[in-house]
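The values are calculated or read from the model by the stated rules, or taken from the named source; none is laboratory data. As the structure is a prediction and not an experimental result, all values here were calculated from the model. So basically every Cβ, Gly included, is an ideal-geometry build from the backbone, and we count neighbours across all protein chains shown.
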Amino acid sequence: MHDFAYSDGVLKCEGMPVQEIARNNPTPFYLYSYHTLVEHYRKLKAAFAEMDPLICFSMKSSSNLSICRALVNEGAGLDIVSGGELFRALKAGCPPEKIVYASVGKKEEEIAEAIKKKINLFNVESVPELIMIDTVAKKLNKKARVAVRVNPDVKADTHEYITTGTSENKFGIDLKTAEDIFDNANKYSNVELKGVHVHIGSQITDPAPFVDAISKVLEFVDERSISIEWINIGGGLGIVYSDEKATTGDEFASYILPLLRGRGLKLILEPGRFIAGNAGILVCKVLYVKTGATGKKFIIVDAGMNDLLRPSLYEAYHRIVPLVERKAEPRRYDVVGPVCESGDYLALDRDLPEVVPGEYLAVMGAGAYGFVMASNYNSRPRPAELMAYKGEVRTIRAAESYKDLIRGEKILKELK
Ligand SMILES: Cc1ncc(COP(=O)(O)O)c(C=O)c1O
């Protein structure tokens, strides 16, 4: 479900014509639907209601303050991966006791800040990191609450860059080492081992690998009679980008709840894409239509890989649609950006109705891992983020200016 749909022949967001929004805002820009965002959260929360889960939105997927705040207002927590995300999470008003912190490379000062701010749980990813958390907590004369991120060695059928739960990946701790950690818990005197965490990857549309991974973790907990308060089953739920059959929140819960019932565990989920992915689009303008020597046609738009990296990075598919619906015979195009890289594209060999310079296109499903991966490559200012909110379109992040591009830079006086 999402709130971007054609009606009366034009693409609308929460009932508002995107064409009009595009006329009033320089392209490219991201446009999010507040309603879609909170509905996705509510559906997942309702699906797992019997366990009263803490749903920590994975803010790496979309970290704008208004997006995080909208979810925090619904009762969500946040899943963070850096000191910067901790800063954002607190600015967004997230209660620290609803923050969980993963990442294989937490720095000493990031750990110290998170302990001081009293976050709920560190998801620890290695023994050296656990030692560091213990040492930092000792220095601060505090206790740090930790969940052990277990790597269950389960392969999920997704892009190799976004699979995280196999022994080949850098994430998490193998079961043997996890056992040693729990057996020697008293070695870490300023750490409280409160839970286990598992996250096997992203854009996973089949429930089977989740069931495998969670079953393995529970078996591990049972066999060693490990006493924990929290189980964190991570994120990773896939969405529909093209013709995937995605698992709904209810279906997902129907597979997972039977594994967790009756254990007295508190449940955390860390969805990112499932909540934000289809709650946002990227709107861009056609600059030129060009035919190459071989007859190949290119639509050159004003958004590039610096605005939306997923197609270039993972060959990700995003549906691209005109803002005004039409029945014209489709032609085959590459939709490319202005960045000086052959890999700068939004779509390859895509059938689209004939488009003309000046018209707008919407890149669908761009709400997760979209703006957050935007960069200034080619000295391109990052685009604005807008949000449809209760019948109005509001700016939640202004487009960057050229001045923003050189913020913090200076010409050495010796060079002047
Ligand atoms: C530890 C962890 N939790 C949650 C997520 C969110 O994943 P997704 O956006 O697929 O739900 C990620 C994404 O990589 C992650 O690494």
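Test of understanding: among Val154, Val127, which residue is in the same structural domain as Ala102 (by TED's automatic domain parsing) and in contact with a Phe, Trp or Tyr (Cβ under 9 Å, 6 or more places away or on another chain)?
Just one listed residue meets the conditions, Val154.
Residues checked against (1) over 16 Å from Gly195 (Cβ atoms); (2) charged (D, E, K, R):
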| site | (1), (2) |
| --- | --- |
| Ala46 | yes, no |
| Glu74 | yes, yes |
| Leu78 | yes, no |
| Phe87 | yes, no |
| Leu90 | yes, no |
| Ala102 | no, no |
| Leu121 | no, no |
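Could you check, for segment 37-50, whether at least one of its residues is out of contact with any strand residue (DSSP E or B) (no Cβ under 8 Å at 6 or more places or on another chain) and not in a helix (DSSP H, G or I)?
Checked against the condition, which is being out of contact with any strand residue (DSSP E or B) (no Cβ under 8 Å at 6 or more places or on another chain) and not in a helix (DSSP H, G or I), segment 37-50 yields no hits at all.
Tally up the residues in segment 73-114 that are in contact with a strand residue (DSSP E or B) (Cβ under 6 Å, 6 or more places away or on another chain) and farther than 24 Å from Leu44 by Cβ, please.
Residues that pass the stated criteria total 1.
All but one of (1) among the small types (Gly, Ala, Ser); (2) more than 16 Å from the ligand (Cβ to nearest atom); (3) surrounded by fewer than 21 Cβ atoms within 10 Å (Cβ to Cβ) hold for Ala137; which doesn't?
Every listed condition holds for Ala137 apart from (3).
Is it fair to say Asp250 is assigned to a helix (DSSP H, G or I) and either of a type in the set (Gly, Ala, Ser) or touching a residue at least 60 places away in the same chain (Cβ under 8 Å) (or both)?
So Asp250 fits the description; yes.
Taking Arg326 as the residue in question, decide whether it is outside any strand (DSSP E or B) and not assigned by TED's automatic domain parsing to the domain that holds Phe210.
In short, yes.
Does any residue of segment 217-239 turn out to be loosely packed, with under 15 Cβ neighbours inside 10 Å, among the small types (Gly, Ala, Ser), more than 23 Å from the chain's Cα centre (by Cα) and more than 16 Å from the ligand (Cβ to nearest atom)?
Scanning segment 217-239 turns up at least one residue that is loosely packed, with under 15 Cβ neighbours inside 10 Å, among the small types (Gly, Ala, Ser), more than 23 Å from the chain's Cα centre (by Cα) and more than 16 Å from the ligand (Cβ to nearest atom).
Is it the case that Ala114 is within 16 Å of the ligand (Cβ to nearest atom) and either modelled with pLDDT of 95 or more or not assigned by TED's automatic domain parsing to the domain that holds Pro209 (or both)?
yes
Any residue in segment 247-261 that is touching a strand residue (DSSP E or B) at 6+ places or on another chain (Cβ under 7 Å) and more than 16 Å from the ligand (Cβ to nearest atom)?
Yes, some residue in segment 247-261 is touching a strand residue (DSSP E or B) at 6+ places or on another chain (Cβ under 7 Å) and more than 16 Å from the ligand (Cβ to nearest atom).
Against the condition within 15 Å of Ala303 (Cα to Cα), among the β-branched types (Val, Ile, Thr), in a loop (DSSP other than H, G, I, E, B) and without any contact (Cβ under 8 Å) to a residue 60 or more places away in the chain, how does Val339 come out, does it pass?
Considered against the rule, which asks whether it is within 15 Å of Ala303 (Cα to Cα), among the β-branched types (Val, Ile, Thr), in a loop (DSSP other than H, G, I, E, B) and without any contact (Cβ under 8 Å) to a residue 60 or more places away in the chain, Val339 comes out as yes.
Within segment 198-233, which residues are touching a helix residue (DSSP H, G or I) at 6+ places or on another chain (Cβ under 8 Å) and in a loop (DSSP other than H, G, I, E, B)?
Val198, Ile200, Ser202, Gln203, Pro207, Arg224, Ile226, Ile228, Ile233
Name the residues in segment 268-297 that are within 14 Å of the ligand (Cβ to nearest atom) and either surrounded by fewer than 20 Cβ atoms within 10 Å (Cβ to Cβ) or among the polar types (S, T, N, Q) (or both), would you?
Matches in segment 268-297: Asn278 only.
Could you go through segment 379-394 and let me know if any residue there is in a helix (DSSP H, G or I), away from the ligand (no atom under 16 Å from the Cβ) and over 19 Å from Val10 (Cα atoms).
yes
Listed residues Gly105, Gly93; which is surrounded by fewer than 16 Cβ atoms within 10 Å (Cβ to Cβ), more than 18 Å from the chain's Cα centre (by Cα) and within 15 Å of the ligand (Cβ to nearest atom)?
Only one candidate passes the filter, namely Gly105.
Could you please let me know if Arg273 is modelled with pLDDT of 95 or more, more than 17 Å from the chain's Cα centre (by Cα) and among the charged types (D, E, K, R)?
Here the answer is no, as Arg273 does not meet what is asked.
If only one of Leu267, Leu287, Leu313 is in a helix (DSSP H, G or I), among the hydrophobic types (A, V, I, L, M, F, W, C) and more than 24 Å from Ser33 (Cα to Cα), which one is it?
Leu313
Would you mention how many residues in segment 47-87 are among the basic types (Lys, Arg) and touching a helix residue (DSSP H, G or I) at 6+ places or on another chain (Cβ under 6 Å)?
Count: 0.
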